[in-house]
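Here is the structure we will look at, set down as structure tokens.
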Amino acid sequence: MSHRAAYFPGALLAGKRAVVTGGAAGIGAAIARSFAAHGAHVLVADVDPVSELDFDRAAGGVVDAIETDVRGPHVHPALLEHRPDVLVNNVGHFLRASQPFAADDPAQWFELHEANLGHVLRLTHALLPAMTERGGGSIVNLTTVEAHRAIPGHTVYSAYKAALMQFTRSLAAEVGPRGIRVNAIAPDLIETVQVPYAELVPAEDLPLWPAWSPLGGPGQPEDVAGAALFLASDLARYVTGGTLHVDGGTHCSGGWVPRATGGWTNRPRNP
Ligand SMILES: NC(=O)c1ccc[n+]([C@@H]2O[C@H](COP(=O)([O-])OP(=O)(O)OC[C@H]3O[C@@H](n4cnc5c(N)ncnc54)[C@H](O)[C@@H]3O)[C@@H](O)[C@H]2O)c1
């Protein structure tokens, strides 16, 4: 990359081909929009149909879609035929209300595996050969802040997301010499259908957002799309095996919250 391309990059994904799983709504839809606005030909794979995605077409981007359940067992042939330079493994879900691990039905563990890890392994495995033939690429996996800290009540979900984080690191080391970069994004507090904070947070609790996250909240899907665009593009050409935390600061602040009287505590009296 020339200095000029680094400082004035213009459209970041012109001529690139991308696959975004779960791109009909939420974070995936924002990623698909931003990639297309930067010139990519995006193929969205979602169980739901994609209603018109609004994006700036000036850079020549395109969004196509197929309706498919990425949990398989087979990879949809259209995904193989697309031969993407960029793969965003975005589908993931905690699937059930919080409950103690001891109350789990072991059948749920397989469902959680398939929803959060199995499809990523399968699709990445299927698309890597073409990415190698094309001389490189970028893979972005959506993990969660809970791959890095605990989430009591969702122990198995967090275990699979942590496995996805470690898959990201090991694969990055393995395929780096082939020009393929692999990174993760660990979101938290992003307003989507999966976690609709507008419904979850009652009006009287809205002033508490600054206590829940250093940057307040909630975050928006577009905040995650910016991170994905960076990781997918040549701006991140020397970045691999890493995680971008798009969480308003919840990961870095750990259990620390501001005191009403000023200062900070990790022992809040009214948590
Ligand atoms: N929203 C957050 O704050 C947050 C926090 C932590 C992690 N994440 C992660 O970010 C990713 C996206 O989250 P979101 O909140 O946008 O999710 P969402 O549930 O709001 O949207 C997910 C999209 O994926 C599609 N989808 C679901 N299962 C599918 C399947 N089996 N095959 C194909 N498509 C399928 C849905 O139809 C939908 O369009 C997930 O991996 C999630 O774990 C999100």
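The values are calculated or read from the model by the stated rules, or taken from the named source; none is laboratory data. Fair warning: this is a prediction, and the values are worked out from it, not measured in the lab. So basically every Cβ, Gly included, is an ideal-geometry build from the backbone, and we count neighbours across all protein chains shown. The protein model used for the area step is the full one, side chains on, heavy atoms only, and it has no ligands, DNA or RNA in it. Shrake-Rupley method; radii C 1.70, N 1.55, O 1.52, S 1.80 Å.
Observations
- The stretch 189-271: chymotrypsin sites (Phe, Trp or Tyr not before Pro) in DSSP loop, at most 11 other beta carbons within 10 Å: Tyr238
- Span from the the stretch 36-71 Cα centroid across to the the stretch 158-193 one, whole angstrom: 22 Å
- For the chain, the solvent-accessible area with a 1.4 angstrom probe is 50 square angstrom per residue.
- Portion, in percent, of the accessible area of the stretch 81-171 that falls on carbon or sulfur, probe 1.4 Å: 61 percent
- Three semi-axes of the equivalent ellipsoid, the stretch 11-265, Cα gyration tensor, whole Å, largest first: 30, 21, 18
- Histogrammed with a bin width of 10 Å, the alpha carbon distances of the stretch 162-261 distribute as 14, 36, 29, 15, 4, 0 percent, first bin at zero.
- Gly176 sits among other residues whose Cβ lies under 12 Å from its own Cβ, and their net charge, with Lys and Arg +1 and Asp and Glu -1, is +3.
- With the Kirkwood sum run over all distinct C-alpha pairs, the stretch 216-271 has a hydrodynamic radius of 13.9 Å.
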